[in-house]
Structure formats: structure tokens, C-alpha cells
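Below is one structure; the comments refer to it alone.
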Amino acid sequence: GKLTIGTSADFAPYEFHILQDGQDMIVGFDIALAQAIADELGVELEVRDISFDSILMELNSGSIDLGLAGFSPTPERLEAVDMSLLYYTGGQSLMIKKADAEKFKSFEDFGAGTSVGAQTGSIQEGLAKENTPDASLVSLQTVPSVIMDLKTGKIDGAFIETAVAVGYVATQDDLMILCDVPYDSEGSSVAVKKGNEDM
Ligand code: ARG
């Protein structure tokens, strides 16, 4: 009688917290999709907010039915879980502080002594290693903490999903998108436990 999804609600507009009438709620287009799936099945939706890097483990342990957190279907993940067709096609971006626009004009400017951030367990960690191999990589549990480190100058660049980066740039005057980051498995899909044909 219940569909339980695991998400990492640190990722507007995919999934994020809002206060509505003094109440903490998780909303976003992933949550709307989850609600539509629950409605279609005629069951109640339960949303669990867990750290991004443990969602797929929770899925395989059976404590959640779906992993819905803007998951890119990578070959490594497809070995561990099953994934749906893409429900959204996005892109990847490298963000910097506007104040550093003269210093960082392309990937090549992230040499030894610079640092970049990405969310722990995300594909952005791989993108950082590929595109800015000389910069040191700082992995952080949530996307807002990556952004905070960028704003306070602890890191020089941040690898962030484009839809999320666009949201930050719209509200944070000190940040900008430096460039698009090329990536092949572009887009988001829903994860289910390996072999869960019903789901
Ligand atoms: N698309 C990236 C990945 O699959 C990042 C997803 C992060 N999602 C989140 N809810 N924080 O690794």
C-alpha cells in the first residue's frame, strides 16, 4: 500500500526542502514524478531523504522501492542496479566565482594548487578528475556544501548539474557558470533493485 522512494533532497529543482505553512516539505520535479507513479499504482508515497552516496545501497537492501535523485545511468551503476529510460535530459557545468573570471577561463586554468568540488558518489567526481586532473578534488556530502565552499573560496570550481547550477546563478550574484562540461550518459533515470521486474 505504499511506494517508498529514496532521494537526496539537496538538489533544486530536482528535490529540495521548503517550508510551507511552517512545515518542512520535500518538493521538486523528481518528487512530482514519484507522486505520479504512486498515484498510477494507487498507493501512498513515502519520501526518504538519505545521503546521495547511500541511496543505491538502500535500494539493494530493499528498504526503498525506487531511487529517484537525478541519477545518471552510468555503466558502473547499471552493474549494481537496474535503471529506467531517461525521464529528463540535462547537462553538466563548471561553476566559479564571478570575482575569479579573469583567473579561470577554461579547464586548463585549473592547474596544480587549485581545487574543485563535487558531491560524494556523484558522476561529477569523475568529471572533475577527467577535466581538471591537476586540481585537487574536494568531495562533499551535499550540493549546498559544495556551493558554500565555492562562495567562501575554499575551492576554486564546482562541478554541478546544469539545471541546478542555473538555479544558483539566478539567486547568487557572486557565482557564474564558466563552461559546459561534456558528458555521454546525459540525463536522469529512476533506479530500481537489480532484477526487480515488477517495478
Ligand atoms: N546526476 C548526478 C549523478 O547521477 C548527480 C545527482 C545528484 N543528485 C542529488 N539529488 N543530489 O551522479
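The numbers here are math on the coordinates, done by the rules we state, and not lab data. Given the structure is predicted, the values throughout are model-derived calculations rather than measurements. In this analysis, Cβ positions are derived from the backbone assuming ideal geometry, glycine residues included, and neighbour counts consider all displayed protein chains.
Compute the relative contact order of the chain as a whole-number percentage, counting only Cα pairs closer than 8 Å that sit 6 or more residues apart in sequence.
29
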**Prompt:** Relative to the longest principal Cα axis of the chain, at what angle does helix 162-171 sit, 0 to 90 degrees, rounded to 10?
**Reply:** 70
**Tensor-based shape of the stretch 73-199 (alpha-carbon gyration tensor, a/c under 1.5 rounded, otherwise prolate or oblate)** = prolate
**Request:** Let me know the charge dipole size of the chain about its Cα centre in debye, to the nearest 20, where only the beta-carbon of Lys, Arg (+1) and Asp, Glu (-1) is charged.
**Result:** 400
**Request:** Pairs of lysines 8 or more apart, or on different chains, with alpha carbons under 13 Å: count those in the chain, would you?
**Result:** 4
**Prompt:** Considering the dipole of the chain built from charges on the beta carbon (Lys and Arg +1, Asp and Glu -1) around the Cα centre, which of Tyr88, Ser122, Ala158 is farthest to its positive end?
**Reply:** Ala158
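Can you tell me the FRET efficiency between Thr74 and Ser145 if r is taken as the Cβ-Cβ distance and R0 is 30 Å, rounded to the nearest 0.05? Walk me through the numbers on the way to the answer.
On the way: r = 23 Å, r/R0 = 0.76.
Efficiency at R0 = 30 Å is approximately 0.85.
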**Fill in**
If one compares the long axis through the Cα atoms of helix 29-41 with the longest principal axis of the Cα atoms of the chain, the angle in degrees, nearest 10, works out at 10
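Between Met25 and Glu46, how high is the FRET efficiency from 1/(1 + (r/R0)^6) when r is the Cβ-Cβ distance and R₀ = 22 Å? Nearest 0.05.
After rounding, the FRET efficiency stands at 0.95.
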**Request:** Over the stretch 2-58, calculate the relative contact order: mean separation of alpha carbon pairs under 8 Å at least 6 apart, over the residue count, as a percent.
**Result:** 46
**Asked** Taking a ≥ b ≥ c as the square roots of the eigenvalues of the Cα gyration tensor of the stretch 1-102, is the shape rounded (a/c under 1.5), prolate (a/b larger than b/c) or oblate?
**Response** oblate
**Request:** On a C-alpha basis, how far is the centre of the stretch 33-47 from the centre of the stretch 172-199 in Å? Whole number, if you could?
**Result:** 22
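Run the dipole for the stretch 28-73 about the Cα centre, Lys and Arg Cβ at +1, Asp and Glu Cβ at -1, nothing else charged, and hand back the magnitude in debye, nearest 20.
Rounded to the nearest 20 debye, it is 120 debye.
Where a ≥ b ≥ c are the square roots of the eigenvalues of the C-alpha gyration tensor, would you call the stretch 93-148 rounded, which needs a/c under 1.5, or, failing that, prolate if a/b is larger than b/c, or oblate?
oblate
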**Message:** Helix-only mean residue ellipticity at 222 nm, the chain, DSSP H runs n ≥ 4 weighted -39,500 (n - 2.57), per residue, nearest 500. What is it?
**Reply:** -7500 deg cm²/dmol
